[in-house]
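Just so you know, all these numbers are worked out from the coordinates, no wet-lab data involved. Keep in mind that this is a model prediction, so the values were computed, not measured. Because the Cβ atoms are built from the backbone with ideal geometry, glycine has one as well, and the counts that use them run over all protein chains shown.
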Amino acid sequence: MLGVAVVAFLAFVMGASAGAGGTADGSVGYIKHLPLPGPSVAAQQNKAFETVTSYTDYITNGASQGKEVALTFDDGPSVWTPKFLEVLNRTKTPATFFTVGNTYAEFGTAAQAAALNGYVIGNHTWNHTSMATLDLAGQTAQIDDANAAIEKAGIPKPNLFRPPYGAYNATTVQLMKQKKNIMVLWSIDSEDWTLPGTDAVVQNVLGNIKAGDIVLMHDGGGDRSQGLAALPRIIKGIKDKGLKPVTVPKLLLDDPPPRDQGEAPNLGAG
């Protein structure tokens, strides 16, 4: 089975590399090969699931015992995704992307590039509908259809899920347990989606960031120029504070969230 998995992943690498030459779908004109992420990323996610879901239905942050923080990007893949990847690659900054399934038809190569570079891909529903407004069948379809698009692109099916707007209900929690998914919220909103100006985006993140935080940013769903311009300054500021950016699964493994997180906040973005 391991041999089959390796062959399949290598085929994905070769296919994505062949199609990475600057097309109209927003694909990148480069793919910088990092160590193949496949088994280690999957193992991290599986272990994180076992650890975290044994005592909580969702996570907003780690326990702040270490020095790690997680940068996350929602609503892609999009024409902006390769631009964010260029910054992340150049600064050697791990990140997690929560992707929307119906964007893959046009921008799937950008998501492939993220996966090939070792970034973690999560599920952000099929079309960014509020889960709390849907019945069981509707919520199931949102997750399953997005997963189908992700897997069709050659990316392993994720077990990280972020509900749009941070909105969920008991049905969503039921589905998370059934599908062995981790529901990932956030503790810091960059508010890049409000287009407050690049300086404000930087301040929204760096003004309150601490160890264990999960930061919400966006690489799709609209004009992301301010978040893109802010990103290098955010990364530098995080490192200047002695903090280390990691993926969400790595944060959950190294610094699991506290057992008493209280009620999930009414987040309203994502």
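Per the listing 127, 102, the residue uniquely outside any helix (DSSP H, G or I), surrounded by fewer than 18 Cβ atoms within 10 Å (Cβ to Cβ) and among the polar types (S, T, N, Q) is 127.
Residues that are part of a loop (DSSP other than H, G, I, E, B), over 16 Å from the mean Cα position of the chain (by Cα) and over 17 Å from residue 88 (Cβ atoms) within segment 213-247 comprise 222, 223, 241, 242, listed in sequence order.
Among the residues making up segment 51-84, a single one is within 27 Å of residue 148 (Cβ to Cβ), out of contact with any strand residue (DSSP E or B) (no Cβ under 9 Å at 6 or more places or on another chain) and of a type in the set (A, V, I, L, M, F, W, C): 79. Within segment 167-208, being of a type in the set (Phe, Trp, Tyr) and part of a helix (DSSP H, G or I) holds for one residue alone: 193. Tallying residues that are farther than 12 Å from residue 113 by Cβ, of a type in the set (Asp, Glu) and part of a helix (DSSP H, G or I) within segment 74-96 yields 0.
Residue count for segment 148-191 satisfying the condition of being surrounded by fewer than 22 Cβ atoms within 10 Å (Cβ to Cβ) and of a type in the set (Ser, Thr, Tyr): 2.
Out of curiosity, is residue 221 farther than 24 Å from residue 101 by Cα, touching a residue at least 12 places away in the same chain (Cβ under 8 Å) and of a type outside the set (Val, Ile, Thr)? No, not satisfied.
Counting only residues that are surrounded by 14 or more Cβ atoms within 10 Å (Cβ to Cβ), hydrophobic (A, V, I, L, M, F, W, C) and either assigned to a loop (DSSP other than H, G, I, E, B) or in contact with a helix residue (DSSP H, G or I) (Cβ under 9 Å, 6 or more places away or on another chain) (or both), segment 132-147 holds 4 of them.
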